[in-house]
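Chemist: Handing you this structure, nothing more for now.
Read-outs throughout are calculated quantities, based only on the coordinates presented, and are distinct from any laboratory measurement. Because the structure is predicted, anything quoted here is derived from the model rather than measured. Here the Cβ positions follow ideal geometry from the backbone for every residue, glycine too, while neighbour counts run over all protein chains shown.
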């Protein structure tokens, strides 16, 4: 049994306060005649979903994989128990399942060999190629094949493994037409392959994880797939070890590039041995899961409030590298399921219809949300979109969308003030992002619930349910539930006729 948090213990007090504040605000704004009674979320119910979906049984929920299909079956079963009408939207995604990978380094002429562990010091890039390579290594900065940087100009990488840094130099002085071309790992890999390299070792420089943390990413850049070109993503500490005793240390090389604004490429004395076995499918089938709870008011039940979260994550590699995705984004999925549970109860059943959507393909540039907008037959009936993403850590709620949709943001703010006042008041107005970005493109009022100072375990192996902050989690979900109920049962004025005439261009 998961220990109950503050919100569960003080739930009744919170709901009484919410009723009073809701009534005063609504009357003052002429939006409703009576205050809405608000349901109270249950921490046990929420955590049950997070524990389940982040378990090894679901293998990191990689879109197109068996693990994702199992997760999809689970959420469909939950929504069905709550009386929702279930449907799916099938589409195709790239899927690359890494069965195993070996990575060792050694110095020729010695007996020393350093064996690295998958999931501990490195992972494969999401769209790595398969194959075996035993070759010398060459450090080539950020892997930029352009005269302004020239990382390949004065080194020979033919038949070798290229070592690069992820991303671009901090405070990059390079123009966008270069940085856009060489930011992603497939871009860097293509440049290396063009010069005759056999594989790519990318040292992770992302500030979203710690130097010793293995980070997983699915999207690596545009097709075509490099089927026999292995791409590994090393921790920063692993990169330090790789360059230790070489012409330059890792930290020195990065500093020199930043200060001199030109390539610092050099050959390494060490060799590397890598062996990747991966099963790649360019057109794996995956699905969004949709669950509709029909509204009770015949006048308004053809109007729809959409509540959504991404269900997929970055998967599992071999037997030792699991990306559980408890915060990213089992926490958001749990919020959607808890909202469905509460609004399915007779005393809280809304007047408008509420559509609960669990998106696939979010790790591939939020493909699922775009598919939803392209294929959903009743798109003109959608009045608002509430998106929940990564709410398991942080010091407060961060709401994104007040720049575009201040009226929607105000509803959430009032619901929050009736509870624990968790919303962080950002002095700069924000726009919707993530899955909500596509909704915003066709002027569907959208609001994203996430957290401020969150994501300490962003796409890393330590994103487990035990690390979830249950207080911020339950507090955020309480505001989500009340916001959705206000939108679905109050007198919220939705989209304009002009926005309803727009079609989504995939």
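Chemist: Give the span of the stretch 388-506's Cα atoms along each principal axis, as three whole-Å numbers ordered largest to smallest.
Modeler: Taking the Cα atoms of the stretch 388-506, the three principal extents are 46, 36, 27 Å.
Chemist: Taking a ≥ b ≥ c as the square roots of the Cα gyration tensor eigenvalues, with a/c under 1.5 meaning rounded and otherwise prolate when a/b beats b/c, else oblate, which class fits the stretch 340-380?
Modeler: Working: a/c = 5.33, a/b = 1.94, b/c = 2.75.
Note, shape of the stretch 340-380 comes out oblate.
Chemist: At 222 nm, what helix-only mean residue ellipticity would the chain give, in deg cm²/dmol to the nearest 500, using -39500 (n - 2.57) for each DSSP H run of four or more?
Modeler: Working: 14 runs with 150 residues, N = 506.
Estimated from H runs of four or more residues: -9000 deg cm²/dmol.
Chemist: Using the Cα atoms as the points, what is the convex hull volume per residue of the stretch 77-172 in Å³?
Modeler: On the way: hull volume 22.9 nm³, N = 96.
With only Cα atoms used, the stretch 77-172 gives 239 Å³ per residue.
Chemist: So in the chain, what percent of DSSP beta bridges are antiparallel if you round to the nearest 5? Numbers along the way, then the final one.
Modeler: Working: 48 of 79 bridges.
So the antiparallel bridges in the chain amount to around 60 percent.
Chemist: When ranked by the protection proxy of mean other Cβ atoms within 10 Å per residue, highest first, what sequence do the peptides 409-419, 166-176 form? Before the final figure, lay out the partial values.
Modeler: Numbers: 409-419: 21.1, 166-176: 14.1.
Packing order, densest peptide first, comes out as 409-419, 166-176.
Chemist: Got a sec? Which residues in the stretch 354-375 would a label at residue 294 touch, if it sits 7 Å along Cα→Cβ and we count backbone N under 15 Å?
Modeler: Output list for this probe position: 354-355.
Chemist: Would you mind telling me the antiparallel percentage of the DSSP bridges in the stretch 152-286, rounded to 5?
Modeler: Approximately 0 percent, going by the DSSP bridge assignments.
Chemist: Quick check on packing: order 390-398, 375-383, 475-483 by the mean number of other C-beta atoms within 10 Å, highest mean leading. Could the numbers behind the result be given before it?
Modeler: Numbers: 390-398: 23.2, 375-383: 16.4, 475-483: 27.7.
The peptides rank, most packed first, as 475-483, 390-398, 375-383.
Chemist: Also, quick follow-up: Using the reciprocal of the averaged 1/r over all distinct C-alpha pairs, how large is the Kirkwood radius of the stretch 96-280 in Å? Walk me through the numbers on the way to the answer.
Modeler: Working: mean 1/r = 0.0619 Å⁻¹.
With all distinct Cα pairs of the stretch 96-280 included, I get 16.2 Å.
Chemist: Another question, if that's okay. Can you quote the Å³ per residue value for the convex hull of the Cα atoms in the chain, rounded to an integer?
Modeler: Output value, Cα hull per residue: 146 Å³.
Chemist: Kindly state, to the nearest 0.05, the FRET efficiency for residue 55 paired with residue 375, given R0 = 25 Å and r defined as their beta-carbon distance. List each step's numbers first, then the result.
Modeler: Numbers: r = 31 Å, r/R0 = 1.23.
Using R0 = 25 Å, I get an efficiency of 0.25.
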